[in-house]
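Heads up: the structure comes next, in structure tokens.
The values are calculated or read from the model by the stated rules, or taken from the named source; none is laboratory data. The model shown is predicted, which means the values in this text are computed figures rather than measured ones. No Cβ is skipped: glycine too gets one built from the backbone with ideal geometry, and neighbour counts run over all protein chains shown. Surface accessibility is based on the protein's heavy atoms, side chains included, excluding ligands, DNA and RNA. Shrake-Rupley method; radii C 1.70, N 1.55, O 1.52, S 1.80 Å.
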Amino acid sequence: MLSVAQIGKEYGPAGPGRVVALAEVSLEVKGGDFVAIMGPSGSGKSTLLSILGAMNPPTTGTVTIDGIDVYGLSQERQADLRREYIGFVFQQLELLPYLTAIENVMLPLAILKMPDKRGKALHALEQLGLDAKKAARLPSELSGGEQGRVAIARAIVNDPPVILADEPTGSLDTESGQLVLELLRELARAGHAVVMVTHNLESRLVANRVINIRDGRCTFPETISACSAGR
Ligand code: ADP
Ligand code: MG
């Protein structure tokens with residue numbers, strides 16, 4: 001489903017100030033995989049995720065999603081591909097405070113022409129155990145765990161095959177974070193390709209693959225070819 005080959009990413013103008021954020025990273029993720037990317041702050045995790053998410057062109061290497069060469073597409077086509085293939089969950093959850101839960105979930109559908117967006121959003125919320133009453137509340141009227149569920153509902157409302165999550169448990173208490181990890185695992189079980197960046201050590205237990213990254217390179221204790229290694 002998702003494949004990156006020999007990705008490198010450098011930031012900034014040529015010269016001593018140039019930052020090498022990623023080097024020689026290769027990775028394959030299939031439907032049903034739940035991959036955790038772990039590593040210290042500044043190691044390149046978010047860079048890798050944004051490259052996977054068609055949001056940040058790599059300096060070298062290619063990214064393919066469902067066989068499509070992502071960065072060979074025009075910007076506009078990249079945006080279409082994001083909408084069709086990718087659901088995002090961010091650390092701050094990024095729920096808009098002045099929209100109700102259901103309105104937040106409807107956001108990714110906003111520019112699509114499709115009937116019954118509200119019904120689709122409610123269905124996504126119900127899949128995550130939130131009923132119509134909760135759906136009508138503002139984020140501030142929901143618990144941390146419920147807000148996490150809303151953020152995931154928004155990521156899956158369009159049923160994208162790929163789910164990308166950057167520190168999805170980062171702003172949650174332990175119990176809510178655990179819930180979010182379990183929900184992501186369920187999505188992987190249901191056939192989505194799930195890639196999560198995390199500091200959360202619990203993630204090692206729920207993910208079926210852990211990729212360690214350090215100074216922009218994959219490190220993996222048991223294997224040499226790091227990221228490209230299977231489970
Ligand atoms: P992580 O998510 O693991 O903390 P990042 O991918 O955010 O790491 O960052 C990797 C490296 O790239 C860091 O040295 C960071 O300062 C640098 N970096 C990230 N984004 C940018 C950017 N937009 N411009 C310049 N440097 C960046
Ligand atoms: Mg980060």
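Restricting LYS45, LYS30 to residues that are closer than 27 Å to ARG204 by Cβ and away from ligand 1 (no atom under 11 Å from the Cβ) narrows the list to LYS30. What are the pairs, 6+ residues apart or on separate chains, where a residue within segment 30-57 that is near ligand 2 (Cβ under 9 Å from one of its atoms) and outside any strand (DSSP E or B) has its Cβ under 6 Å from a residue that is open to solvent by 10 Å² or more (accessible area, probe 1.4 Å) and charged (D, E, K, R)? Matching pairs, first to second residue: SER43/ARG214; SER46/ASP166; THR47/LYS9; LEU49/ASP166. Scanning segment 84-126 for residues that are of a type in the set (Val, Ile, Thr), at pLDDT below 90, outside any strand (DSSP E or B) and open to solvent by less than 30 Å² (accessible area, probe 1.4 Å) yields a count of 0.
Every test in (1) under 30 Å from ASP116 (Cβ atoms); (2) open to solvent by 40 Å² or more (accessible area, probe 1.4 Å); (3) assigned to a loop (DSSP other than H, G, I, E, B); (4) touching a strand residue (DSSP E or B) at 6+ places or on another chain (Cβ under 8 Å) is passed by HIS199 save one, and that test is (1). Which members of segment 58-83 meet the condition of being of a type in the set (S, T, N, Q), touching a strand residue (DSSP E or B) at 6+ places or on another chain (Cβ under 9 Å) and not in a strand (DSSP E or B)? The one that is of a type in the set (S, T, N, Q), touching a strand residue (DSSP E or B) at 6+ places or on another chain (Cβ under 9 Å) and not in a strand (DSSP E or B): THR59. When the criteria are applied in full, LEU122 fails the requirement of being of a type outside the set (Asp, Glu) and touching a residue at least 24 places away in the same chain (Cβ under 8 Å).
Which numbered condition in (1) at pLDDT 95 or above; (2) more than 9 Å from ligand 1 (Cβ to nearest atom) is the only one that LYS9 fails? Looking at each condition in turn, LYS9 falls short on (2). For segment 153-186, a residue qualifies if it is away from ligand 1 (no atom under 16 Å from the Cβ), touching a Gly at 6+ places or on another chain (Cβ under 6 Å) and assigned to a strand (DSSP E or B), and exactly one does: ILE163. Note on segment 127-146: residues that are in a helix (DSSP H, G or I) and either open to solvent by 80 Å² or more (accessible area, probe 1.4 Å) or closer than 24 Å to ASP173 by Cα (or both) amount to 10.
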